[in-house]
1. What are the ³J(HN,Hα) couplings of region 185-202, residue after residue, when phi is run through the Karplus curve with 6.51, -1.76, 1.60 and θ = phi - 60°? Round to Hz, x for glycine and proline.
2. Per-residue ellipticity at 222 nm for the chain, helices alone: DSSP H runs ≥ 4 residues times -39500 (n - 2.57), over residue total, nearest 500 deg cm²/dmol?
3. Would you mind pulling out the separation of the Cα centroids of region 46-119 and region 147-172, in Å?
4. Of the candidates 271, 28, 262, which one comes out as most mobile in a Gaussian network treatment of the chain with C-alpha springs shorter than 10 Å?
5. Which entries of 159/285; 188/304; 18/280; 252/275; 159/188; 82/285 have Cα-Cα distances beyond 25 Å here?
6. DSSP loop (so not H, G, I, E, B), at most 10 other Cβ within 10 Å: list which GluC sites (Glu not before Pro) in region 96-205 pass both filters.
7. How charged is the neighbourhood of residue 218? Take every other residue with its Cβ under 14 Å from the Cβ of residue 218, and add Lys/Arg as +1 and Asp/Glu as -1.
8. So what J values fall out for region 223-232 if you push phi through Karplus, 6.51 cos²θ - 1.76 cosθ + 1.60 with θ = phi - 60°, rounded to Hz, Gly and Pro as x?
Amino acid sequence: MDFHHVPVLLKDTIEGLKIRPSGTYIDCTLGGGGHAYEIASRMSGEGLFIGIDQDADAVEAASRRLEGLPPEIRIIKSNFSKLEEIIQELNIGEVNGFLADLGVSSFQLDNPERGFSYQHDAPLDMRMDKSQPFSARDIVNHYEEREIARIIWEYGEEKWSKRIASFIVHQRQKAPIETTGELVEIIKAAIPANARRTGAHPAKRVFQALRIAVNDEMGVLTQVLHTMVRYLAPGGRICVISFHSLEDRIVKDCFREYSAACTCPPGFPQCVCGKTPVLKVITRKPIEASEEEKEMNPRARSAKLRIAERLRSNKSQ
């Protein structure tokens, strides 16, 4: 199966990065190379482009797609949680732009054997890195009922989380839950019929929640955002595309933290904290896809792009 991924908010992202042809740019979530191709094609032979993805299929597809473009290109198979290690190993001082597209790729969703989709019956997997031993099957069959309910509520915002968790635990006592199809039927049984008649597929939120938990997406995101700020060159930009309200909130709060000035209480006669802004937030409100893009690419419907720019030297941080 060819790795195909339609990049969302492509024009806004490329404009947001303000690409310097001779700069250094890191795409932390390479995917099929859609955003990467547009970045690298705007760079010169003096530039350095680094693409990171933990999915071997993505690495192979993007390597082919970027072949022959002007900058020095490094494609690295790794989780972007290792961003700081990668930067240090490559002996990079400062980076002119970071991109993170947090959505699961079209290829992963459409490839039944990966177990991301509730529309195909497949082994219950959901690992973005196939070498990782821990999968959705482990959560469903071994986590306590209370923890399963928490994951489904917190990461899926599914109001029937407790009932779904109860049905999962009841069913696994009879036999282990092995496939996506089995899980979908359990979810359908747990959600009352009148609640299933409207809205999205009844399993959508649960599958999203399990994917986020399996790949520790929220914890990794928080860690990586701080690394990005630390290595961003003055005038450099961070672009993050999120698809989940919790992801968007993490990005928003991080940008707000680094863009804040003095934190001393209002009554202090003079500043004693010495805090000055590190980032300038470019997008006070996130950029969303146009109606035209949403119609052409349904996966763009929940996409939100936030952009921030480095104000001062890393050395003064």
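The values are calculated or read from the model by the stated rules, or taken from the named source; none is laboratory data. Being a predicted model, the structure only gives us computed values, none of them experimental. Cβ placement follows ideal geometry from the backbone for every residue including glycine, while neighbour counts extend to all protein chains displayed. Surface areas here come from the heavy atoms of the whole protein model, side chains and all, with no ligands, DNA or RNA. Shrake-Rupley method; radii C 1.70, N 1.55, O 1.52, S 1.80 Å.
1. Once rounded to whole Hz, the list reads 5, 5, 4, 4, 5, 6, 8, x, 4, 5, 7, 7, 6, 10, x, 6, 3, x.
2. Only helices count here, giving -12000 deg cm²/dmol.
3. 32 Å
4. Looking only at 271, 28, 262, the largest GNM fluctuation is found for 271.
5. 159/285; 188/304; 82/285
6. Counting only loop positions with at most 10 other Cβ atoms within 10 Å, the GluC sites (Glu not before Pro) in region 96-205 are 144.
7. With Lys, Arg at +1 and Asp, Glu at -1, the net is -3.
8. With the stated coefficients, region 223-232 comes to 4, 5, 4, 5, 5, 4, 4, 4, 9, 6 Hz.
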